[in-house]
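First comes the structure, then the notes that go with it.
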Amino acid sequence: HQWWYDMLLSFMVALAMVCLLSDATLHLIPLALGIHSHDDEEDGHDHGHAEEEEMSATQRRNLTIGITAGVYLFLLFEKLIHVVIPNHSHSHGPPEVIVNPNAPGDVEMKPKGNQEVDEVSTKGVCNVDSVAWMIIFGDALHNFADGLVMGAAFSQSNATGLGTTIAVFCHEVPHELGDFAVLLNAGMKIRYAVLFNFLSACTCFLGLFVGILAGENADVQKWIFAFTAGMFIYIACADLIPEMNRMGETAKNPKLNYFLQQVGVFSGFLVMYLIAVYEGELAGIGGGGHHHHH
């Protein structure tokens, strides 16, 4: 089991990395800067190309600053969590924790070598490490942001929504597994860990609702896209790529691990690319409108 889990995880992390990155570059950034190829008449917002071409250079510059700000804000957010919990590594769940719930008492995920296993008594809800609460809180915020951009993306077009949803999903699966492992580690009973993970995921729907409302306003939408593009780039480059490198170093079978990562990268990019190319057809599924292709 351990081996399969390792392999699956290295595939998933690579997939998540490339989905986030290519969603930012193929969908979100072009949308934010208004350099998107098809007109959105099928959406019922009839701002055709006329309005999009009028984006001034200053506006464009501000939005590109927005992308950078997204990266920076997310960096600050992670640093903040690090300050509040000195030893929380925002890790995508190293397998040994899941296999062995009584893994080391400290949360810093170390590779198997230096692990002194202390018995962690399963405590109730009240006396769980503050780490767990911070993770749940951070997750809730994170999922809210994800929901927000999904809402905005779907109110933009089906294709954008689909691309963003895939990116979020691929990123969230390893992420939630990792957080789940950390919660068990912090001494939380399994049923509570499941419950709180679920509750923090529910903020996603709140975000979705807000995103759909905000998506009605084209300017707000562009800013959401710019920020999220920054956030996605940050997660892909600062969280997932080091994770991939770490997995490559600790893998029992480095060649296979590397191969799987490449497979993950290419399949993820292919999916995103196809969504970007066949946007017109995807939008047509939703409520066929007339639109020209690239």
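Numbers for the structure displayed
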read-out	value
Calculated FRET efficiency for the pair Y72/S130, C-beta based, R₀ 22 Å, to 0.05	0.25
M55 accessible area, assembled protein chains, probe 1.4 Å, Å²	20
³J(HN,Hα) computed for each position of segment 248-262 - Karplus, 6.51 cos²θ - 1.76 cosθ + 1.60, integer Hz, glycine/proline x	x, 6, 8, 5, 6, 10, x, 5, 5, 4, 4, 4, 5, 4, 5
Amide proton proximity set for G34, modelled H, under 5 Å, gap of 5+	none
From phi via Karplus (6.51, -1.76, 1.60), per-residue ³J(HN,Hα) for segment 229-235 in Hz, x at Gly/Pro	4, x, 4, 5, 4, 5, 4
Solvent exposure ordering (accessible area, 1.4 Å, most first) of K189, K79, K222	K79, K189, K222
Percent carbon-and-sulfur accessible area, segment 196-242, ignoring ligands, DNA and RNA, probe 1.4 Å	81
Residue-level accessible surface for V131, protein heavy atoms, 1.4 Å, Å²	10
In Å², nearest 10: area of V83 left accessible to a 1.4 Å probe	120
For K189, distant residues with modelled amide H under 5 Å away	K123
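The values are calculated or read from the model by the stated rules, or taken from the named source; none is laboratory data. Just so it is clear, the model here is predicted, and its values are computed rather than measured. Glycine also receives a Cβ, built like all others from the backbone with ideal geometry; neighbour counts cover every protein chain displayed. Note: areas computed on protein heavy atoms with side chains; ligands, DNA, RNA excluded. Shrake-Rupley method; radii C 1.70, N 1.55, O 1.52, S 1.80 Å.
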